[in-house]
Amino acid sequence: MRPANIFKYQNRLAKAVGSRTGMTAQEAIPAAQARVELVREPTLAEIDAALGEIYGLSEPLKAEHDRAGLRRMYDAANLIVATAGVFGLEELGQAAWSLCELASRFEATGRFSWAMIAVHIDGLRLLRYPTDHPRAHREAVLAGLRQVTASIV
């Protein structure tokens, strides 16, 4: 019988974790914040464009329930959900999430209410510039939007 061959495998991940290369947390956080600042203006412009699309879709949806239009509204709101919080617009992101959830519930149940969409659009308009409104007012708006969305089951 031949002796067994033993191969020593080098785990590159374990080796990398054990080495002291890269940045420390004290270096990485300011570097990441600086990179976020580089994309602040273009991203805020994207958020405003998504809001513009939502506002533009409101009139056709007011006239009649259009599944494709509602889907486009969902997609625009989803972009806001994905990006708003990074730039201090967490409440706008929450309102956009509520609109996405409302659209999903409309899709799942086959129901539709223009008034529910309209109140979300008003909430998005208000929350785009949060410093213009007191915190209590913003919280009440978000609570109302969540309540509207939760009513569709």
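Quick note: the coordinates plus some simple rules give every number you see, no bench work behind them. All values derive from a computational prediction rather than experimental measurement. Don't worry about glycine lacking a Cβ; one is built from the backbone with ideal geometry, like all the others, and counts go over all protein chains shown.
The angle between the Cα long axis of helix 67-83 and the longest principal axis of the Cα atoms of the chain comes to about 50 degrees, rounded to the nearest 10. Residue exposure proxy: Tyr55, Tyr74, Tyr9, ordered by other Cβ atoms within 10 angstrom of their Cβ from fewest to most, comes out as Tyr9, Tyr55, Tyr74.
Suppose the chain between Asn5 and Ala34 were pulled fully straight at 0.36 nm per residue; how much longer would it get relative to their current alpha carbon spacing?
Taking 0.36 nm per residue and subtracting the Cα distance, the gain is 5.2 nm.
Helix 135-150 and the longest principal axis of the C-alpha atoms of the chain enclose an angle of approximately 90°.
With neighbour counts taken as other beta-carbon atoms within 10 Å, the residues Glu107, Glu64 rank, fewest first, as Glu64, Glu107.
Which percent of the Cα-Cα distances in the chain go past 18 Å? Write out the running numbers ahead of the final one.
Details: 7603 of 11628 pairs.
Taking all Cα-Cα pairs of the chain, the fraction more than 18 Å apart is 65 percent.
Counting 0.36 nm for each residue step from Leu13 to Thr109 and taking away their Cα separation leaves a gain of 29.8 nm. Listed values for region 4-15 are Karplus-derived 3J(HN,Hα) couplings in whole Hz (6.51 cos²θ - 1.76 cosθ + 1.60, θ = phi - 60°), namely 5, 8, 10, 10, 8, 8, 9, 8, 5, 5, 4, 5, and x replaces Gly and Pro. The slack in the chain from Ala68 to Glu46, taken as 0.36 nm per residue of separation less the alpha-carbon distance, amounts to 5.8 nm. When the chain is modelled as a GNM with alpha-carbon springs shorter than 10 Å, which of Met116, Met23, Met73 fluctuates the most? Largest GNM mean-square fluctuation: Met23. From least to most packed, judged by other beta carbons within 10 angstrom and beginning with the fewest, Lys62, Lys8 follow the order Lys8, Lys62.
Against the chain, whose longest principal axis comes from its Cα atoms, helix 114-127 is set at around 60 degrees.
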